[in-house]
Amino acid sequence: MGPISKKVIDGLKKAKNQKIINFSEIKEAKAYAQDLDKGVVSGDELSKYDPLHAVYIYAQNKVSVLVEQLSDLPALSKLTNTLFKADDIYLPSFPPKSPITQSYFTCWGFFDLCVGIKKESFGTVILDLLKNLTADPGLIKIIECMQYSRMGIYVHKGHLNRYVILEELVTGKEIKGIVPTGYQGKRDEIWYARVMPEPFSDLNYEYSLVFTTPYILIDLNGNLGSSAKRDDWEAFFDRNLKAAGGKDKIKAYEFFMKYGKNKHFWNEYIFEGFVNYQADMIMLAGFPDIPLSMPHSEESQKERGEI
């Protein structure tokens, strides 16, 4: 348990009678699909979704409520201030207003944004709080999956019935997943996405969830919409993982994808690389370490005489 979690738990114990947070509701919350009607999203609403997607929607809504309740605590001020400032800068929604989607932003803000040497996030603090309260283990398990998740760069390997098959660069891990936005893509596309695993083996989902709207990485040197090349992204990771000094390439990649070179590294890439969109996906171009490759970078705008 990190120092922020300790301060939060100690403070909430003292303030328990002031009803800052509904402890009994947290302890009794159920995470399995058959119990979703006890969540902050109604069972009727969740029944419209794929069951694995519904499980994660339920957990995300629980986390959102807890973040809102905890964000005023002094111990979390650094996280809260950074998150609020980022919300003002990136205006998360959907193009054309912003290429930073709400699903991407909340995952970044709750689970990737961190402070201190123990890299505490809203997610780690909430997990420590739930464990301290001996809350429902199913809910804890799902939030753990979300906390340990990260964005990744994937190569589209084809389809299997309703599933998309994705192979992650660097790790080589292949996943079979559903895409709630409906975008199915095509072989050899490069995707930037957050994939959530099946949290409960006993529910036998046997597939993963592409939780965020897929960001499709394209090559602006060719025709608009032509896919970025796998070799180019492998070269990007060779450059940046080597620069990071990581001896274990996979661990260096996982750290880099979750935290970047700084807290806004990947946010800025989405903002500066945005090209186009449709209802079920968003297109990005360029590489985060080559400013002139991204259409909305300051360097590219200067090159075009726009600033």
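The values are calculated or read from the model by the stated rules, or taken from the named source; none is laboratory data. As the structure is a computational prediction, the values presented were derived from the model and not from experiment. Counting neighbours? That spans all protein chains shown, and the Cβs are built from the backbone with ideal geometry, glycine included.
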| message | Condition (residue is surrounded by fewer than 19 Cβ atoms within 10 Å (Cβ to Cβ) and in contact with a strand residue (DSSP E or B) (Cβ under 9 Å, 6 or more places away or on another chain)) applied to region 192-203: is it met by at least one residue? | response | yes
Residue hits (region 257-305; among the acidic types (D, E) and buried (at least 17 other Cβ atoms within 10 Å of the Cβ)) are E268, E272
- [ ] For L169, indicate whether it is at pLDDT below 95 and on the phi < 0 side of the Ramachandran plot.
- [x] no
Self-check item: Condition met for N267 (within 24 Å of the chain's Cα centre (by Cα) and within 24 Å of Y183 (Cβ to Cβ))
Solution: yes
Taking the criterion of being hydrophobic (A, V, I, L, M, F, W, C), in a helix (DSSP H, G or I) and modelled with pLDDT of 95 or more, would at least one residue in region 270-290 satisfy it? yes
Point to revise | Any hit, region 54-67, residues being assigned to a loop (DSSP other than H, G, I, E, B), of a type outside the set (K, R) and modelled with pLDDT under 95 | key: no
Out of curiosity, is V155 surrounded by 22 or more Cβ atoms within 10 Å (Cβ to Cβ), within 14 Å of V195 (Cα to Cα), at pLDDT 95 or above and assigned by TED's automatic domain parsing to the domain that holds H264? no
Over region 159-175, the set of residues crowded, with 18+ Cβ neighbours inside 10 Å and over 15 Å from L209 (Cα atoms) is L169, V170
All-but-one check, I26 against (1) in a helix (DSSP H, G or I); (2) at pLDDT 65 or above; (3) in contact with a helix residue (DSSP H, G or I) (Cβ under 8 Å, 6 or more places away or on another chain), failing number (2)
